[in-house]
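S.K.: Next up is a structure, given as structure tokens.
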Amino acid sequence: MVPGTVFGVTAPAKSRRTTASAKDLLAAAVGAVPGGSSRPGQEEMATAIERAVKQREHLLVQAGTGTGKSLAYLTPALLVDGPVVVSTATLALQNQLVEHDLPRLSAAVEPVLKRRPTFAVLKGRHHYLCVAKLEHADEEEPTDTLFDDAPAARSTQWLGEAGRLGKQIQRVQAWAEKTTTGDRDELDPGVDDTAWRQVSMPARDCVGAARCPYGAECFAEASRARAREADIVVTNHSLLAVDMLADRHIVPPHKLLIVDEAHELADRVSSAAQAELTPEAVERAAKRARPLVTPAAGESLAAASDSLLLGLADLPAGRLTTGLPPLLHQALLLLDAATRACLDGIGDIKADDPDPVRKQQAKAHLDELSTTTQRLLEESDFDVAWIEKNDLGNGRRALVVAPLSVAGTLATNLYDERTVVATSATLTLGGRFDTVARSLGLPGAVVPAARSGNGLTPDAPPVSGDGWTSLDVGSPFDYPKQGILYVAAHLPRPAASGLPDAAGEELLKLVEALGGRTLGLFSSRRAATQAAELLRAKTDLPVLLQGEETLPILVRKFKEQKESCLFGVMSLWQGVDVPGDACQLVVIDRLPFPRPDEPLAAARAAAVDATGGSGFASVSVPIAAVRLAQGVGRLIRSTGDKGVVAVLDSRLETARGYGAFLRKSLPPFWYTTRPDVAFGALQRLAKQ
């Protein structure tokens, strides 16, 4: 095992005194790239961030695709004393920063700064190998392979599972002897989630380095130590959200926070603040607690699991709009009493406890159950509760609770004692910043986005709000000349789920006009499957369907096979980057409004309706605008790209009010509702 680090001493803040400006560092970074050239929007963004830091003012920056926003925010970050934290929503962007952008930037600016800047990645504790857990990995039976079959069947199944699991754990043990980071992403080939759970430690189960026998060798603590000493710390929105909810003691202290893909932040905070109860989780907690408490206390927790299962059995999936049903309420009362009794039985963890790790695990699970149970019993107007069911798979039942809004949480915890720069290609909805600003908890005036008619550069300087500033730096792409937004206004308004016959016929004509090269973004798996079946039956084009192979493999094949089509659902609407002529047609089957059975969106809309407003306009339309902008953004990824976005939902043209709002949220493509114009453009592209 590679020795760890001595912890507990925070590195002093590094002084970054220099006469260089953000523009100087950006010029050095761009000059180090063969054929690199400056971009007006990139320079303006870097300068605006430098100014915001000096004025201690928060900044929203919309930077269209192709702006080069990573370098635009990393260069001014190098002028700030102490660590600067960069948070991303996707693993793809995190990897891009750590593996490509930051190494190149560090080398490029070294002559200017007279030193080479450092950077580190900070992930959640469960991403790192736990030495304490690894020592006992062979002793643990996987908690998610408990079977209720007959003994012989269970034995055969578990033996096969145990043999496969044992081989994976042995591979992790061999890797543990040579890894310096313990980061799961560096284990190649990797192991499945079941195996990794046996060798990693969730934050809630950790006793802390001071009380752990292996604290001096802890990889998670080592990652935090590296982060404290780095110039740039790259993390993710999920960990940032947990940090905010945990009084900000996970991410190292910093003066500047850069939130990339900021349109995702509120949803990630909602997820972090969400909690659930399942009979299986209660049963696992009872199993952990049983050796540490009286038999009566252990039995009470097992009985509470049965009661919860019974309370959930006959209830339909969906939001609980009239409070907890009687059986479910009674189950929660039993669970509340049982968890309290077990926690009292375990007591405090002392320095001389023989096995503090297992005791902490038992307490952590019980604490979580107790907190969630009490939260549900309170039935607060600020929370939304619903039931999830999975009758198609393992029959899972869950009682879930989440905050109605996280704007207040963000207002309280995101902006205090640091400057926040939030950036994305999708921050203006309907041409304005105010909707996203409210969702991020920013106070003050409504601030319009400034963008010129051709979308290349802004036509006005940043406008100040109440403690924050907004800026739209546009995009280097000439959208009206590079792309067409075609809305099939002649199609019937979509009604039933799936792909309507008329939309299928339109899709077939569009794809045949181009000869493939199509990314199909669908509102449901059923619609995507119907579209794939239609094209496979009517054409000889290769059709790739999400779910038939892993997403990275599908995207690679889509890039390599010029005439192929890739069809899928929401995870394809953002993060898929296919520049060039492999993707010249993006088809969207319908406007991506949240489904009526999405509990949080429905509850938030109902809350607005209750105050006399329009929940549809205030909640559903902005959600659709962000999703639609992300999907449309898959088409033009470089200055040489050309193509057509085809929306098979006539409401984008015909709906009064929200149709125009949604169109204003999109890049300024050349717009048409004429099929002959779209088909003609695709036929010309096919000949190029």
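The values are calculated or read from the model by the stated rules, or taken from the named source; none is laboratory data. Everything numeric here is computed off the predicted structure, so don't read it as measured data. Note: ideal-geometry Cβ built from the backbone for every residue, glycine included; neighbour counts use all protein chains shown. Please note that ligands, DNA and RNA were not included when accessible areas were found on the heavy atoms of the full protein model with its side chains. Shrake-Rupley method; radii C 1.70, N 1.55, O 1.52, S 1.80 Å.
A quick yes/no check of all residues on (1) within 18 Å of THR18 (Cβ to Cβ); (2) crowded, with 24+ Cβ neighbours inside 10 Å; (3) at pLDDT 95 or above:
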position	(1), (2), (3)
GLY35	no, no, no
ARG39	no, no, no
MET45	no, yes, yes
GLU50	yes, no, yes
GLN55	no, no, no
LEU60	no, yes, yes
PRO76	yes, yes, yes
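S.K.: Which of the residues belonging to region 197-218 are closer than 24 Å to LYS167 by Cβ and surrounded by 22 or more Cβ atoms within 10 Å (Cβ to Cβ)?
M.R.: Once the filter is applied, which keeps residues that are closer than 24 Å to LYS167 by Cβ and surrounded by 22 or more Cβ atoms within 10 Å (Cβ to Cβ), region 197-218 yields GLN198, VAL199, SER200, MET201.
S.K.: Could you please give the count of residues in region 272-298 that are assigned to a helix (DSSP H, G or I) and either touching a strand residue (DSSP E or B) at 6+ places or on another chain (Cβ under 8 Å) or among the hydrophobic types (A, V, I, L, M, F, W, C) (or both)? Outline the logic, then answer.
M.R.: Of all residues in region 272-298, those assigned to a helix (DSSP H, G or I) come to 272, 279-292, 295-298.
Checking which are either touching a strand residue (DSSP E or B) at 6+ places or on another chain (Cβ under 8 Å) or among the hydrophobic types (A, V, I, L, M, F, W, C) (or both) leaves us with 272, 279-282, 285-286, 289, 292, 296-297.
Qualifying residue count, region 272-298: 11.
S.K.: Still on this structure, please answer the following. Of the residues LEU366, LEU399, LEU332, LEU376, only one is crowded, with 21+ Cβ neighbours inside 10 Å, touching a residue at least 40 places away in the same chain (Cβ under 8 Å) and part of a strand (DSSP E or B); which? Working first, answer last.
M.R.: Numbers: LEU366 fails: part of a strand (DSSP E or B); LEU332 fails: part of a strand (DSSP E or B); LEU376 fails: part of a strand (DSSP E or B).
Unique residue meeting the criteria: LEU399.
S.K.: Test VAL677 against the criterion of being in contact (Cβ under 8 Å) with a residue 40 or more places away in the chain and either farther than 15 Å from ARG590 by Cβ or within 21 Å of the chain's Cα centre (by Cα) (or both), and give yes or no. Steps first, answer last, please.
M.R.: On the way: in contact (Cβ under 8 Å) with a residue 40 or more places away in the chain: yes; either farther than 15 Å from ARG590 by Cβ or within 21 Å of the chain's Cα centre (by Cα) (or both): yes.
Answer is yes for this residue.
S.K.: Could you please let me know if SER618 is in contact with a Ser or Thr (Cβ under 9 Å, 6 or more places away or on another chain), farther than 22 Å from GLY568 by Cα and open to solvent by 40 Å² or more (accessible area, probe 1.4 Å)? Break it down stepwise before answering.
M.R.: Working: in contact with a Ser or Thr (Cβ under 9 Å, 6 or more places away or on another chain): yes; farther than 22 Å from GLY568 by Cα: yes; open to solvent by 40 Å² or more (accessible area, probe 1.4 Å): yes.
In short, yes.
S.K.: Can you find, within region 78-100, the residue that is most open to solvent (accessible area, probe 1.4 Å) among those that are in a helix (DSSP H, G or I) and of a type outside the set (S, T, N, Q)? Walk me through it before giving the result.
M.R.: Quick first cut of region 78-100, residues in a helix (DSSP H, G or I) only: 91-100.
Subsequent filtering for residues that are of a type outside the set (S, T, N, Q) retains 91-93, 97-100.
Values: LEU91: 95, ALA92: 67, LEU93: 27, LEU97: 1, VAL98: 34, GLU99: 116, HIS100: 72 Å².
Once the filter is applied, the top-ranked residue is GLU99.
S.K.: Out of the residues in region 13-33 that are closer than 21 Å to VAL233 by Cα and modelled with pLDDT under 90, which is least open to solvent (accessible area, probe 1.4 Å)?
M.R.: Ranking the qualifying residues of region 13-33, first place goes to ARG16.
S.K.: For region 430-484, give me each residue that is modelled with pLDDT of 90 or more, more than 26 Å from ALA407 (Cα to Cα) and either open to solvent by less than 30 Å² (accessible area, probe 1.4 Å) or over 27 Å from the mean Cα position of the chain (by Cα) (or both).
M.R.: GLY474, SER475, PHE477, ASP478, TYR479, PRO480, LYS481, GLN482, GLY483, ILE484, listed by residue number.
S.K.: Consider PRO253 carefully, then state whether it is open to solvent by 50 Å² or more (accessible area, probe 1.4 Å), without any contact (Cβ under 8 Å) to a residue 40 or more places away in the chain and not in a helix (DSSP H, G or I). Don't jump to the end; show me each part of the working.
M.R.: On the way: open to solvent by 50 Å² or more (accessible area, probe 1.4 Å): yes; without any contact (Cβ under 8 Å) to a residue 40 or more places away in the chain: no; not in a helix (DSSP H, G or I): yes.
Criteria not met by PRO253.
S.K.: Please work out which one of (1) open to solvent by less than 10 Å² (accessible area, probe 1.4 Å); (2) outside any strand (DSSP E or B); (3) not basic (Lys, Arg) is the condition THR194 fails and give its number.
M.R.: Unmet for THR194, out of (1) open to solvent by less than 10 Å² (accessible area, probe 1.4 Å); (2) outside any strand (DSSP E or B); (3) not basic (Lys, Arg): (1).
S.K.: A further question on this structure: Within region 276-304, count every residue that is within 16 Å of LYS363 (Cβ to Cβ), surrounded by 22 or more Cβ atoms within 10 Å (Cβ to Cβ) and within 28 Å of the chain's Cα centre (by Cα).
M.R.: Final tally of qualifying residues: 1.
S.K.: List the number of the failed condition for LEU585; all other conditions in (1) open to solvent by less than 10 Å² (accessible area, probe 1.4 Å); (2) of a type outside the set (Val, Ile, Thr); (3) out of contact with any Lys or Arg (no Cβ under 8 Å at 6 or more places or on another chain) hold.
M.R.: (3)
S.K.: Kindly indicate which of PRO622, PRO579, PRO599 is in contact (Cβ under 8 Å) with a residue 40 or more places away in the chain, farther than 22 Å from GLN530 by Cα and in contact with a Phe, Trp or Tyr (Cβ under 7 Å, 6 or more places away or on another chain).
M.R.: PRO599
S.K.: For the condition in a helix (DSSP H, G or I), among the β-branched types (Val, Ile, Thr), surrounded by fewer than 16 Cβ atoms within 10 Å (Cβ to Cβ) and touching a residue at least 40 places away in the same chain (Cβ under 8 Å), what is the one hit in THR371, THR412, THR339? Walk me through how you get there before you give the answer.
M.R.: Values: THR412 fails: touching a residue at least 40 places away in the same chain (Cβ under 8 Å); THR339 fails: surrounded by fewer than 16 Cβ atoms within 10 Å (Cβ to Cβ).
Going through THR371, THR412, THR339 in turn, just one is in a helix (DSSP H, G or I), among the β-branched types (Val, Ile, Thr), surrounded by fewer than 16 Cβ atoms within 10 Å (Cβ to Cβ) and touching a residue at least 40 places away in the same chain (Cβ under 8 Å): THR371.
S.K.: Also, I was wondering about something else. Please specify each residue of region 219-250 satisfying the condition of being open to solvent by 30 Å² or more (accessible area, probe 1.4 Å) and hydrophobic (A, V, I, L, M, F, W, C).
M.R.: The answer is VAL242, LEU245.
S.K.: Let me ask something additional. Considering only region 584-595, state which residues are farther than 16 Å from ARG627 by Cβ and either modelled with pLDDT under 95 or among the aliphatic types (A, V, I, L, M) (or both). Before you say what the answer is, go through the steps one by one.
M.R.: Looking only at region 584-595, we keep the residues that are farther than 16 Å from ARG627 by Cβ, and these are 584-585.
Answer for region 584-595, where residues must be farther than 16 Å from ARG627 by Cβ and either modelled with pLDDT under 95 or among the aliphatic types (A, V, I, L, M) (or both): just LEU585.
S.K.: Considering PRO316, PRO354, which residue is under 29 Å from VAL131 (Cα atoms), open to solvent by 20 Å² or more (accessible area, probe 1.4 Å) and not in a helix (DSSP H, G or I)?
M.R.: That would be PRO354, the only listed residue that is under 29 Å from VAL131 (Cα atoms), open to solvent by 20 Å² or more (accessible area, probe 1.4 Å) and not in a helix (DSSP H, G or I).
S.K.: Continuing with the same structure: Considering only residues of region 536-560 that are in a loop (DSSP other than H, G, I, E, B) and free of Cβ contacts under 8 Å to residues at least 24 places away in the same chain, which is nearest to LEU591 (Cα to Cα)?
M.R.: Applying the first criterion (in a loop (DSSP other than H, G, I, E, B)) to region 536-560 yields 539-542, 546-550.
Applying the additional criterion that residues be free of Cβ contacts under 8 Å to residues at least 24 places away in the same chain yields 540, 547-550.
On the way: ASP540: 29, GLY547: 22, GLU548: 25, GLU549: 26, THR550: 26 Å.
Taking the candidates together, the pick is GLY547.
S.K.: Quick check on region 260-273. Is at least one of its residues in contact with a Pro (Cβ under 6 Å, 6 or more places away or on another chain), aliphatic (A, V, I, L, M) and closer than 17 Å to ALA407 by Cα?
M.R.: Quick first cut of region 260-273, residues in contact with a Pro (Cβ under 6 Å, 6 or more places away or on another chain) only: 273.
Applying the additional criterion that residues be aliphatic (A, V, I, L, M) yields 273.
Within this subset, residues satisfying the condition of being closer than 17 Å to ALA407 by Cα are 273.
Yes, because at least one residue in region 260-273 is in contact with a Pro (Cβ under 6 Å, 6 or more places away or on another chain), aliphatic (A, V, I, L, M) and closer than 17 Å to ALA407 by Cα.
S.K.: Do we find that VAL608 is within 27 Å of the chain's Cα centre (by Cα) and surrounded by 20 or more Cβ atoms within 10 Å (Cβ to Cβ) in this structure?
M.R.: Working: within 27 Å of the chain's Cα centre (by Cα): yes; surrounded by 20 or more Cβ atoms within 10 Å (Cβ to Cβ): no.
The answer is no for VAL608.
S.K.: Is it the case that region 516-531 has a residue that's of a type in the set (A, V, I, L, M, F, W, C), open to solvent by less than 50 Å² (accessible area, probe 1.4 Å) and part of a loop (DSSP other than H, G, I, E, B)?
M.R.: Quick first cut of region 516-531, residues of a type in the set (A, V, I, L, M, F, W, C) only: 519, 521-522, 527-528, 531.
Those left that are additionally open to solvent by less than 50 Å² (accessible area, probe 1.4 Å): 519, 521-522, 527-528, 531.
Now narrow it down to the ones that are part of a loop (DSSP other than H, G, I, E, B): 522.
Yes: region 516-531 contains one or more residues that are of a type in the set (A, V, I, L, M, F, W, C), open to solvent by less than 50 Å² (accessible area, probe 1.4 Å) and part of a loop (DSSP other than H, G, I, E, B).
S.K.: Would you mention how many residues in region 563-575 are of a type outside the set (S, T, N, Q) and open to solvent by 10 Å² or more (accessible area, probe 1.4 Å)?
M.R.: Pass one, region 563-575, residues of a type outside the set (S, T, N, Q): 563, 565-570, 572-573, 575.
Checking which are open to solvent by 10 Å² or more (accessible area, probe 1.4 Å) leaves us with 563, 569-570, 575.
So the answer is 4.
S.K.: Quick check on this structure: which one of GLY41, GLY64, GLY36 is in a loop (DSSP other than H, G, I, E, B) and in contact with a Gly (Cβ under 8 Å, 6 or more places away or on another chain)?
M.R.: Numbers: GLY41 fails: in a loop (DSSP other than H, G, I, E, B); GLY36 fails: in contact with a Gly (Cβ under 8 Å, 6 or more places away or on another chain).
Answer to the check: GLY64.
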